[in-house]
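Single-structure report; data block below.
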Amino acid sequence: MDSLLNYADDNNYPVFFKRMNVTKSLSVELDDMLCINIDESKFETESEKIVCLAHELGHCISGTLYTINHSNLYRGSAEYRADYRAAQLVMPIDELKECILKEITEVYDLATFFGITEEFVKRILYIYSNKGLLKDITQSV
């Protein structure tokens, strides 16, 4: 979590921890600045908070903010792009490849190693696979 907060700070993405009624987190543009709010009370585990912060940072990095007025197609694309950027923050492809070479390949083990949720490991593997980033490693194993 600290490395993500440092990344946010270094890149001028203020992160707030305020309670919200409806959502766990959001990224918004305020006064020409991209900001993140995380409602920590809505998370059961640290890994869930890490994934959420990484995802919101992904929106900021990729510039894929949206409102309820955007189409479902745009929203889906924005979520995918945010998750890809989040993946690069919490499970960089080179580190994942090192794990695979060391035979750390089970979803649970990868989640534990990277400190993220199993669900997000699966999402990252899906995204990296779609982008062809796992081809060279899966062929050599």
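Values computed for the structure shown
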{"quantity": "Test for K122: is it of a type outside the set (D, E), in contact with a helix residue (DSSP H, G or I) (Cβ under 7 Å, 6 or more places away or on another chain), surrounded by fewer than 16 Cβ atoms within 10 Å (Cβ to Cβ) and farther than 21 Å from N11 by Cβ", "calculated": "yes"}
{"quantity": "Restricting the range 4-60 to residues that are touching a residue at least 24 places away in the same chain (Cβ under 8 Å) and of a type in the set (G, A, S), the residue that is nearest to E119 (Cα to Cα)", "calculated": "S47"}
{"quantity": "Counted residues, the range 85-109 - those being under 12 Å from L133 (Cα atoms) and in a loop (DSSP other than H, G, I, E, B)", "calculated": "1"}
{"quantity": "Those residues of the range 64-83 which are in contact (Cβ under 8 Å) with a residue 24 or more places away in the chain and surrounded by fewer than 19 Cβ atoms within 10 Å (Cβ to Cβ), in sequence order", "calculated": "L65, Y80"}
{"quantity": "Test for Y80: is it part of a helix (DSSP H, G or I), in contact with a Lys or Arg (Cβ under 8 Å, 6 or more places away or on another chain), closer than 22 Å to S129 by Cα and not assigned by TED's automatic domain parsing to the domain that holds V22", "calculated": "no"}
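Yes/no per residue for (1) over 18 Å from S25 (Cα atoms); (2) in the same structural domain as N21 (by TED's automatic domain parsing); (3) out of contact with any Gly (no Cβ under 9 Å at 6 or more places or on another chain); (4) not basic (K, R):
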{"site": "E46", "(1), (2), (3), (4)": "no, yes, no, yes"}
{"site": "L53", "(1), (2), (3), (4)": "no, yes, yes, yes"}
{"site": "G63", "(1), (2), (3), (4)": "no, yes, yes, yes"}
{"site": "A86", "(1), (2), (3), (4)": "no, no, no, yes"}
{"site": "K102", "(1), (2), (3), (4)": "yes, no, yes, no"}
{"site": "Y108", "(1), (2), (3), (4)": "yes, no, yes, yes"}
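Condition check ((1) exposed (fewer than 12 other Cβ atoms within 10 Å of the Cβ); (2) charged (D, E, K, R); (3) under 14 Å from A87 (Cα atoms)) across all residues:
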residue: D2; (1), (2), (3): yes, yes, no
residue: D10; (1), (2), (3): yes, yes, no
residue: V15; (1), (2), (3): no, no, no
residue: R19; (1), (2), (3): yes, yes, no
residue: E29; (1), (2), (3): yes, yes, no
residue: L34; (1), (2), (3): no, no, no
residue: E44; (1), (2), (3): yes, yes, no
residue: C52; (1), (2), (3): no, no, yes
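The values are calculated or read from the model by the stated rules, or taken from the named source; none is laboratory data. Remember, predicted model here, so these are calculated numbers, not experimental data. Every residue, glycine among them, receives a Cβ derived from its backbone with ideal geometry; neighbour counts consider all protein chains shown.
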